[in-house]
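Single-structure report; data block below.
Derivation of every value follows stated rules applied to the coordinates shown; laboratory data play no part. Bear in mind the structure is a predicted one, so any value in this text is a computation, not a measurement. Here the Cβ positions follow ideal geometry from the backbone for every residue, glycine too, while neighbour counts run over all protein chains shown.
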Amino acid sequence: MSDFLFRKIISIILSVSLLCSLAGCTPAGDAEAESVVTPDDIIVVGFSQLGAESDWRSANTESMKSVFTKENGYELIFEDAQQKQTNQITAIRSFIQRDVDYIVLAPVTETGWDTVLSEAKEAGIPVIIVDRQVEVSDDSLFTCWVGSDFELEGRKVCMWMSKYFAKNGVNPSDVHIVDIQGTLGSTAQIGRTKGFDHMASLYGWDVVTHEVGDFTKSKAKEAMFAILRNYDNVNVVYCENDNEALGVIEVLEASGRKCGSNIKDGETMVVSFDGINKQAVSSLVAGQISCIGECNPLHGPRVESVIRKLRSGQEPYKYQYVNEKIYTNSNAVPSIMLGGKEYGVTVLNESDLYEWPY
Amino acid sequence: MANNNKSGSGFFGKLVHNQIIIPLAALLLLIVFNLIFDPSFFVITPKTNSAGNPVLSGYLITILDYGSELAILAIGMTLVTAASGGQDISVGATIAICGSALLRVLCGTNSRPETLQAPIIVGFLVACVVGMMCGAFNGILVAYFKIQPMVATLILFTAGRSIAAWINNNELPIVPDPKFAYFGGFIPGIPVPAPVFIAVVCIIVIFLVLKFTTLGLYTQAVGINPSSSRLNGLNPELVKFISFVILGLCVAVAALIKTSRLSTINYSVIAKDIEMDAILAVALGGNPLGGGKFNMWASIIGAYVIQFLTTTLYKFKVSSDALSAYKAVVVIVLVVFSAPTVREFIGSFFKKHSAKKGVA
Amino acid sequence: MKTKKRNISDTTLLLTITIVVFFAMYIGAMIFQGKGFLKLQTFFNILNANAALILMACGLTLVMIIGSIDISVGGVAALVSMCCAVYLDRNVLNPGENLTPGNVFVSMLIALGIGLAYGLVQGYLIAYLDIQPFIVSLAGMFFARGMTTIVHTNPFNVENPAFNELKEPVRVYFLGTVNKKGNLVPAKIEIGVFVALLIVLVLFFVLRYSKLGRSFYAVGGNKTSALMLGINVKKTKFLAHLMCGILAGIGGYVYFLHVGSGAASHASGAEMNAIASSIIGGTMLTGGVGNIIGTLFGVLSLATIQSIVSSAGFDQAWWTGITVAAMLCLFLVVQSIVIARKKKSLKKQA
């Protein structure tokens, strides 16, 4: 009996709620004008970040958050996709529904963005890509890209190594090098691997193997562990980011090796990228890491300047590369030449550590 | 369950129906396999690590080392399985929570401290309390709200890694003190990995508990028939609750080892899929997953067999992602052969066979 | 007779709770958050993103009604995506050879075949060999995930004209809205949504009116009495798992249509989401109680709370996990209280 009453109440609630939802849906266009809470002068930016897997990523997120604040006249809608492209697609669709002014996308993979980016284009929302690149059939689907030239980063570090070896009289065929790769398919991995493969074959180094380290310390430890089991002649480890390098150093030291630049005396050389992680930078100063190719994560101000340009009606450059440094701990190699351009090498010491910006 | 089958007489029959035979047979199989394909698997070599301390290295050491967490978890999981007739699928996520709490205490609010903010033991005790609280949460849902264990623990499974990230504000703290790395690595001067000792201590403790308390008996009684154990004056809810709290404690110990191995934590990766391995260890030990009787030795051996399998596959260059496919095949073969219907069939087959030939 | 009546009223009670909660949440979001939730497309987005989950949750509802479980559905979806992706875009395995792209229709058959194979094997092991469903599907999940990486390791997006056309959402212009830049944004619905809703409808009628559907409830409610009623318990169990496997195959294809890529990490955690939505939808793991419409609303509730959380400014990813778990916890406790009270009142009547 009470069941009957209950059911009646439920059916009333249901029909009312159905009506409400219908009413809520149809006049959406008209209700818009009143329901918009944000005043026109506040710029709403939707940022789809791919995850929080490394220190680089966290620094990147922080940089965006510190620029797009209320004080600066922005409202930032931040979505962490936890490494899943589907989450990013969902996030972009929700940005479109929430009528943001600009979409900033740090894509997890390069491909598969055509549909959702064309939806954004239809809605007239400019899309700014940061960090990794996207591969789309039509370049006009995104406004511009801001990020690093990862292949150049890879080449620079390899160039430094070859210069260093040449100076210390190490025969290229005595260089037994492994590549601990980042997350497969990411722009950073593709670029740094490409740079590595190119230079390694150019100089005739013995490339022992490639293993995947997923840009994380734990995966890199696992990979390095497996490498040491199978190959004991490895004397150079090329890590595609700092977190990997830290894991690799731990495994190397635990197995009784010494990390350092002097591979002639049996030390194992570790080179790395990013230069964000303070621990990695202090390892560089301490000599455990020989060289770090900088990868600058502070894209917030760069993206903001793009948005300023767009608002004033200017056309920003389609591809905006960031100038990046090479860090090392000795002045054995003062500078390197690559593609007709000279790049200076920055030597870090203790005092730099105290003022490290991250 | 399988022990009191009457059909299996004769040597083979008894063998087939003994519970501990399953993990032992699997272990034997793996050993023979490795002996044939690469006997160097069993070589143990002494080395010195960077700190100049002697360490042992070799695949067998790796198995003992990395099997420790699994064995510790298997202890708790066996009790939970026996008492509640279900499994806790949240252990991996709870390891993330405990590990995160541990690091939070050790590192304070700064994720890159210069020195420890609290003694390691305090951090470990906090982790134990957190682990037991998680266990208690699961236990309350299972015992008092009568929710199936798998579903009740699904809650922490879903939320655990998120809670872990929340505890440390999604930062990845790094413990500065090298002493913290001892628990997951080597204690200077002792060539055997420290996790092995931790696992041994846990195993000794649980056997003393099982021997000198009625925990084991009560757990089995509750698992076999809750209502009749109630009639006998037991409190089935309390027993189930306690089994979950014990598992929580085991999880905290495993979390200490896991975080110590890296001196840091990665919320989404730490102890990933370990719940599956722990449940497999219990199943491989021949314990009925529906609750009731259990054999702690069999579970612990099961845990090391799982690690043996993992290490063997790694050695044969199976990538860590493809590993699960091979494990699955092994599991299916094992459960099919330990299924009551199939065992019955094999038992009667051997019986017929031996009767025909007249050989025992 | 009496038990049956009780089961059905349990089903309706839990179903109504779910539906009310869903509407309450959605209307609450419209009132308090406005913006996106006032647009119909937000609802379609939820459907688009969760069509595959609806299908997988339906499969789980079936096996949960008979008192079993299947945690392999997410793995099957990943395997289906990868196999279909490799078939449709053959150049991935043979780079530089420029092979003709695969046939879309055949890829659907591949998806169905994988689902069918999973259903057959798991169903046989569970129903006829009497092995714990949890262990069987656990191994099934492991196998599917591992197999996916063996088929192809790296994630990639499918390049296949026919397939890319199929995965384009249907544009409904009259349901579209004009945004503040003055552009008309048409409503977009993916094909998978229609498939999912159609299957929900079919399963609803099967469970409600067919002999098979009723035998599902009977087996889940009480095995002995089901046996006495002359129901072939083993066959019923087998059929439930078979259907779940096929639904996972179809769900995998719908997922594949949504993402358009193959990757080993696809649909990770989908099995847990599917179980959670079934439970929120009023299915009980003890068996005998459950409803497909409830499952549909379970998925929608789960997705709605996720999008509420993310648009409410809780920008950290962990909040989603915590709210979903809190919601699951709430529903489980409500369920157990409802059942306890029912039992008490039954006892009183007796």
Item to check | Computed [θ] at 222 nm, deg cm²/dmol, the protein assembly as shown (DSSP H ≥ 4; -39,500 (n - 2.57); rounded to nearest 500) | outcome: -20000 deg cm²/dmol
Item to check | Cleavage-rule hits (chymotrypsin sites (Phe, Trp or Tyr not before Pro)) in the range A:217-257: DSSP loop, at most 16 neighbouring Cβ within 10 angstrom | outcome: A:Tyr231
Checklist outcome for this item: The lysines whose Cα lies under 27 Å from the Cα of C:Lys167, excluding any fewer than 8 residues away in the same chain, are A:Lys84, A:Lys121, C:Lys39, C:Lys188
Checklist entry - Given charges of +1 on the Cβ of Lys and Arg and -1 on the Cβ of Asp and Glu, with all other atoms neutral, how large is the dipole of chain A about its Cα centre, in debye to the nearest 20? => result 400 debye
Checklist entry - Å³ per residue of the Cα convex hull, for chain A? => result 202 Å³
Next on the checklist: Given contacts defined as C-alpha pairs under 8 Å and at least six residues apart, what's the relative contact order of the range B:59-329, whole-number percent?
Outcome noted: 37 percent
Item to check | Leading residue at positive end of dipole, chain C (Cβ point charges), from C:Ser345, C:Ala85, C:Leu302 | outcome: C:Ser345
Checklist entry - Taking the Cα atoms only, what angle lies between the long axis of helix A:187-203 and the longest principal axis of chain A, rounded to 10 degrees? => result 20 degrees
Item to check | Highest average packing first - B:243-249, A:161-167, C:56-62, B:231-237, Cβ atoms within 10 Å | outcome: C:56-62, B:243-249, A:161-167, B:231-237
Checklist entry - Which whole-angstrom value gives the distance between the alpha carbon centres of the range B:193-217 and the range A:135-200? => result 51 Å
Checklist outcome for this item: Ignoring trypsin sites (Lys or Arg not before Pro) buried by more than 10 other Cβ within 10 Å or outside DSSP loops, the longest site-free run in chain B is B:7-316
Checklist entry - Other chains' Cβ within 10 Å of A:286-293 residues: what's the mean? => result 0
Next on the checklist: Quick check on the protein assembly as shown: take the gyration tensor over C-alpha atoms, sort the square-rooted eigenvalues as a ≥ b ≥ c, and tell me if it's rounded (a/c under 1.5), prolate or oblate.
Outcome noted: oblate
Checklist entry - What is the fewest-to-most order of B:Val91, A:Val212, C:Val136 by other Cβ atoms lying within 10 Å of their Cβ? => result A:Val212, C:Val136, B:Val91
Checklist outcome for this item: With label points set 7 Å from each Cα along the Cα-to-Cβ direction at B:Ala136 and A:Arg311, the distance between them in nm comes to 5.3 nm
Checklist entry - Average partner chain C-beta neighbours within 10 Å, per residue of C:324-333? => result 5
Checklist entry - If you put +1 on each Lys and Arg Cβ and -1 on each Asp and Glu Cβ, how big is the dipole of the range B:59-329 around its Cα centre, in Debye rounded to 20? => result 240 debye
Item to check | Rounded to whole Hz, the Karplus (6.51, -1.76, 1.60) HN-Hα couplings of the range C:198-214, x for glycine and proline | outcome: 4, 5, 4, 4, 4, 5, 4, 5, 4, 5, 7, 10, 8, 5, 4, x, 5
Checklist entry - In peptide B:331-343, how many Cβ atoms from other protein chains are near each Cβ within 10 Å, on average? => result 4
Item to check | Positive-pole candidate from A:Cys259, A:Ser118, A:Tyr354, dipole of chain A, charges at beta carbon | outcome: A:Cys259
Checklist entry - What list of ³J(HN,Hα) couplings, whole Hz, do you get for the range B:229-243 from phi and the Karplus terms 6.51, -1.76, 1.60, once you set θ to phi - 60° and write x for glycine and proline? => result 5, 5, 4, 8, x, 8, 10, x, 4, 5, 4, 4, 4, 5, 4
Checklist entry - Do any chymotrypsin sites (Phe, Trp or Tyr not before Pro) in the range A:273-332 lie in a DSSP loop with no more than 15 other beta carbon atoms within 10 Å, and if so, which? => result A:Tyr317
Next on the checklist: Please arrange B:Leu334, C:Leu79, A:Leu284 by how many other C-beta atoms lie within 10 Å of their C-beta, fewest to most.
Outcome noted: B:Leu334, A:Leu284, C:Leu79
Checklist outcome for this item: Length gained if B:Tyr144 through B:Val336 is fully extended, taking 0.36 nm per residue and subtracting the Cα-Cα distance, is 65.7 nm
Checklist entry - Expressed in nm², what is the orientationally averaged projection area of the convex hull enclosing the Cα positions of the range A:196-340? => result 10.9 nm²
Checklist entry - Setting aside same-chain residues fewer than 8 positions from B:Lys146, which lysines have a Cα under 24 Å from its Cα? => result B:Lys240, B:Lys293, C:Lys2, C:Lys4, C:Lys5, C:Lys223, C:Lys342, C:Lys343, C:Lys344, C:Lys347, C:Lys348
Next on the checklist: Angle check, please: helix A:300-311 long axis (alpha carbons) against the longest principal axis of chain A (alpha carbons), in degrees 0 to 90, nearest 10.
Outcome noted: 50 degrees
Checklist entry - Between B:Asp273 and C:Arg341, how many nm apart are label points set 7 Å from Cα along the C-beta direction? => result 4.4 nm
Next on the checklist: Given Cβ point charges of +1 (Lys, Arg) and -1 (Asp, Glu) and nothing else, what value in debye, to the nearest 20, does the dipole of the range A:189-244 about its Cα centre take?
Outcome noted: 80 debye
Item to check | the range A:170-231 shape via C-alpha gyration tensor axes, a/c threshold 1.5 | outcome: oblate
Checklist outcome for this item: Output ordering of B:198-204, C:141-147 (per-residue mean of other Cβ within 10 Å, highest first) is C:141-147, B:198-204
Checklist outcome for this item: For C:Thr149, C:Thr286, ascending order of other Cβ atoms within 10 Å (fewest first) is C:Thr286, C:Thr149
Checklist outcome for this item: As straight-line cross-link partners of A:Lys258, the qualifying lysines (C-alpha separation under 24 Å, not fewer than 8 residues apart within one chain) are A:Lys163, A:Lys167, A:Lys217, A:Lys219, A:Lys221, A:Lys278, B:Lys47, B:Lys179
Checklist entry - Residue farthest toward the positive end of the dipole of the range C:204-350, with Cβ of Lys/Arg at +1 and Asp/Glu at -1: which of C:Ala218, C:Leu332, C:Ala276? => result C:Ala218
Checklist entry - Want the number for C:Arg208 to C:Ile31: 0.36 nm per residue separation, take away the alpha-carbon distance, what's left? => result 60.1 nm
Item to check | Under DSSP loop assignment and at most 13 Cβ neighbours within 10 Å, longest GluC sites (Glu not before Pro)-free interval of chain A | outcome: A:136-354
Checklist outcome for this item: Simple SL model, points at 7 angstrom along Cα→Cβ for A:Asn230 and B:Leu24; separation in nm is 3.6 nm
Item to check | Three-way shape label, the range B:59-329, alpha-carbon gyration tensor, a/c 1.5 | outcome: prolate
